[in-house]
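Each remark here refers to the structure printed beneath this line.
The values are calculated or read from the model by the stated rules, or taken from the named source; none is laboratory data. Note that the coordinates shown come from a computational prediction; the quantities given were computed from them, not determined experimentally. Cβ coordinates were reconstructed from backbone atoms using ideal geometry, including for glycine residues, and neighbour counts include every protein chain displayed. These area figures cover heavy atoms from the full protein model, side chains too; ligands, DNA and RNA do not enter into them. Shrake-Rupley method; radii C 1.70, N 1.55, O 1.52, S 1.80 Å.
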Amino acid sequence: MEKITKQKIGATLGILVVLIPLVIMIIACFIPFCVLISSSFTANEIVSKGVVLFPKGFTTLAYKLLFRESSDILKSYGITICITSLGTVINMFLCCLIAYPLSDKEFRWRKPITFFVFFTMLFQVGLIPQYIVITRMFHLNDTMAILIIMPLLAPGHILFLMTYFHGVDKAILESARIDGANEFTILFNIAVPLIIPGLVTIGFQMVIMYWNDAYTSLYFADSIIPVALYIQRWQTYVQSLKVAAQGGLFGLLVGSAEDIPDVTVQFALGVFTTIPLIIIFLCFQKYYVKGLTAGAVKG
């Protein structure tokens with residue numbers, strides 16, 4: 001009986017050793033999000049002195065200021081959702097087409113192509129050559145196509161999927177070939193369904209990459225404004241409102257320059273940007289966590 005009690009105590013202590021750091025990490029990750037939301041509803045003069053965990057001087061002025069330009073916000077969201085959806089699907093499709101043959105050790109060109117993919121991960125062309133090629137050779141500037149094309153085929157995504165494809169049982173693939181299936185059928189009907197967790201993991205990373213990409217639009221498609229670029233411009237826009245208010249030109253929403261929530265509105269913009277990503281993550285959380293843990297042990 002005493003031995004069983006000691007085992008239970010040891011097991012309990014072991015669980016606590018694991019759970020306590022885990023709970024601390026969860027709280028540490030959750031607090032910034034709480035600060036983001038609470039600060040967006042806090043009076044601007046309070047947030048200017050420091051962020052708060054709970055709203056103080058509750059106000060929705062930052063959101064009212066944002067919704068004055070609701071048509072622009074919805075337009076930016078529409079552009080971002082379109083680019084993110086199409087870009088993620090196309091990107092995953094192309095990454096699978098490259099990663100699948102490279103995962104086969106018998107593929108003749110495996111080593112040189114893998115080296116080429118890895119080489120582009122270490123060395124990248126400069127902005128000026130990119131701009132010349134895109135604007136003068138392909139004439140893709142100021143198009144939505146360039147916003148989809150630029151983030152395509154990240155070397156890290158290809159190498160990650162290679163690991164997953166390499167972990168697929170080769171006997172299954174050989175059986176399909178014996179039955180007469182071609183490589184495209186094997187890839188999309190057999191291999192891809194077996195690596196769904198890995199695809200979800202990569203897919204979520206691609207969603208974040210497209211969603212937060214402001215620089216491609218800034219450099220190559222300035223007239224197309226996704227959410228990430230819209231947020232950057234809003235900071236300049238709010239400052240211009242303060243200047244206008246100081247000259248008595250802005251009195252539709254607030255009375256003076258001091259009433260313009262220049263700090264609070266940045267937190268409100270952060271909420272607008274973060275919430276969709278959190279919803280997507282919660283929908284695919286099971287596959288994302290499974291994909292990360294499985295990818296850590298595949299070789």
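Take segment 152-176 and flag every residue that is open to solvent by less than 60 Å² (accessible area, probe 1.4 Å), part of a helix (DSSP H, G or I) and among the hydrophobic types (A, V, I, L, M, F, W, C).
158, 159, 160, 161, 162, 165, 171, 173, 176
Confirm whether residue 179 is of a type in the set (D, E, K, R) and surrounded by fewer than 20 Cβ atoms within 10 Å (Cβ to Cβ).
yes
Across segment 129-144, which residue is surrounded by the fewest Cβ atoms within 10 Å (Cβ to Cβ) among those that are closer than 22 Å to residue 155 by Cβ and out of contact with any helix residue (DSSP H, G or I) (no Cβ under 9 Å at 6 or more places or on another chain)?
Here the answer is 129.
How about segment 214-227: which of its residues are in a helix (DSSP H, G or I) and closer than 17 Å to residue 67 by Cα?
Listed by number, the list holds a single entry, 227.
Please verify whether segment 108-117 includes one or more residues that are over 30 Å from residue 166 (Cα atoms) and either among the aliphatic types (A, V, I, L, M) or touching a Pro at 6+ places or on another chain (Cβ under 6 Å) (or both).
Taking every residue of segment 108-117 in turn, none turns out to be over 30 Å from residue 166 (Cα atoms) and either among the aliphatic types (A, V, I, L, M) or touching a Pro at 6+ places or on another chain (Cβ under 6 Å) (or both).
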